[in-house]
Amino acid sequence: MATRQESDLGGPWPVRSDRNVEGGALASGGQRFAWGFGIHANCGLEFLLPEIASGFQTRLGLDQIVGDGGCVRAKVRIGTKSVYESPVIVGAADSHDTGRLTLASTPGGTRLVLQVE
């Protein structure tokens with residue numbers, strides 16, 4: 001996994017695996033999540049998926065620690081092609097499902113980019 005971050009909030013925040021950005025449990029839209037990534041905008045996570053991967057699906061949202069505040073727009077790219085863009089999400093009341101995104105088989109794997117801004 002590669003990370004690219006340009007924080008407007010006083011410097012880079014570390015990417016947290018299976019935790020929110022403050023180290024607590026991941027929760028959004030009234031649900032707790034056992035795994036995922038806690039990141040601050042503006043950040044992109046890049047993964048090289050194996051050739052055998054045929055699809056990708058995720059849920060995204062602002063963590064419960066923001067309450068009614070905060071806003072973000074999330075994007076998913078496969079290679080250089082944009083395949084999903086969320087509405088502007090404000091507050092932690094809802095989480096959003098990307099639906100299943102089809103991956104084309106690419107020799108050497110497929111580059112998946114998850115970005116928030």
### Task
Please find, within region 92-113, the residue that is nearest to G67 (Cα to Cα) out of those that are open to solvent by less than 40 Å² (accessible area, probe 1.4 Å) and aliphatic (A, V, I, L, M).
A92
### Query
Got a sec? Which of R77, R19 is modelled with pLDDT of 90 or more, surrounded by 14 or more Cβ atoms within 10 Å (Cβ to Cβ) and in a loop (DSSP other than H, G, I, E, B)?
R19
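Criterion first (within 15 Å of the chain's Cα centre (by Cα), at pLDDT below 95, assigned to a loop (DSSP other than H, G, I, E, B) and among the hydrophobic types (A, V, I, L, M, F, W, C)) does L62 satisfy it?
Yes: the conditions hold for L62.
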### Task
Kindly check whether there is at least one residue in region 28-37 that is touching a strand residue (DSSP E or B) at 6+ places or on another chain (Cβ under 9 Å), free of Cβ contacts under 8 Å to residues at least 24 places away in the same chain, closer than 19 Å to Q115 by Cβ and open to solvent by less than 30 Å² (accessible area, probe 1.4 Å).
yes
### Query
Which of the residues belonging to region 46-66 are of a type in the set (D, E, K, R), under 18 Å from G109 (Cβ atoms) and either out of contact with any Lys or Arg (no Cβ under 8 Å at 6 or more places or on another chain) or open to solvent by 80 Å² or more (accessible area, probe 1.4 Å) (or both)?
E51
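The values are calculated or read from the model by the stated rules, or taken from the named source; none is laboratory data. Because the structure is a prediction, the values reported are computed rather than measured. All Cβ positions, even for glycine, are placed from backbone atoms using ideal geometry, and neighbour counts span all protein chains on display. Each accessible area value is taken on the protein alone, full model and side chains, heavy atoms only, with ligands, DNA and RNA left out. Shrake-Rupley method; radii C 1.70, N 1.55, O 1.52, S 1.80 Å.
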